[in-house]
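Notes follow once the structure below has been shown.
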Amino acid sequence: MTFREDLVSRLASNPGKILRYIWVPQVLAGLFLIGLAYFMGNTHFHLIREGVRAPGRIVAYKQENFGRSSGPSSTTFMPIVEFQVNDRSIQFKDWMGSNSTGAIYNPVTVLHDPANPTVAMIDRPVWNWIPWAPTFAVGLFLVLVAIKGFFQSRRPVAT
């Protein structure tokens with residue numbers, strides 16, 4: 001019998017061993033997702049909490065090409081937004097583009113950092129939270145389930 005066959009037969013004969021340590025990959029995956037969500041959304045969350053709203057307008061679109069490993073690259077048009085803060089005109093490229101240009105000089109609401117107005121985004125109530133908040137929620141859920149699994153694995157088994 002090979003090592004692999006022996007390991008599989010031992011685990012199959014005692015499925016409790018697998019369930020006893022399932023919390024380890026759960027906590028690792030949860031922490032990875034929480035870290036990924038922080039990386040993707042820390043600026044957006046800061047703007048949601050501390051940001052100030054100001055009227056702005058889309059003044060241009062910047063074409064960006066995103067290459068793919070297989071197939072043709074995709075073209076996205078990123079809006080360039082202008083708004084005023086204390087008699088100062090500020091422009092920024094928004095994080096969310098579209099597959100076509102929209103109308104120029106469309107009014108938008110801008111959410112910006114009062115300490116650093118160049119940190120800004122178009123205020124979109126639902127899209128402000130996408131994709132980082134669902135990623136964070138799934139990661140938090142996995143960590144909480146792993147914590148519960150850890151404490152359950154430490155209980156003595158009733159016989």
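Would you please give the FRET efficiency between Asn99 and Phe39, computed as 1/(1 + (r/R0)^6) with r the Cβ-Cβ distance and R0 = 25 Å, to the nearest 0.05?
0.50
Based on the alpha-carbon gyration tensor of the stretch 93-132 and its eigenvalue square roots a ≥ b ≥ c, which shape applies: rounded if a/c is under 1.5, prolate if not and a/b is larger than b/c, or oblate?
Since a/c reaches 1.5 but b/c is at least a/b, the shape of the stretch 93-132 is classed as oblate.
Between (i) 10, 23, 23, 16, 12, 10, 5, 1; (ii) 10, 33, 29, 17, 9, 3, 0, 0; (iii) 12, 45, 36, 6, 0, which matches P(r) over Cα pairs in 10 Å bins from 0, in percent calculated for the structure shown?
Answer by label: (i).
Limiting things to C-alpha atoms, what are the Rg and the maximum Cα-Cα separation (Dmax) for the stretch 30-111, in angstroms?
Rg and Dmax of the stretch 30-111, Cα atoms, are 15.8, 48 Å.
Going by average Cβ density within 10 Å per residue, which order do the peptides 104-110, 139-145, 84-90 take, highest to lowest?
139-145, 104-110, 84-90
Can you give the extra length, in nm with one decimal, that the chain gains between Arg4 and Ser70 once fully stretched, where that is 0.36 nm per residue apart less the Cα-Cα distance?
20.1 nm
Expressed in nm to one decimal, what extension gain is obtained for the pair Val52 and Val138 from 0.36 nm per residue of sequence separation less their Cα-Cα distance?
Length difference between fully extended and current span is 28.1 nm.
Coordinate-derived values only; no laboratory data. Keep in mind that this is a model prediction, so the values were computed, not measured. Counting neighbours? That spans all protein chains shown, and the Cβs are built from the backbone with ideal geometry, glycine included.
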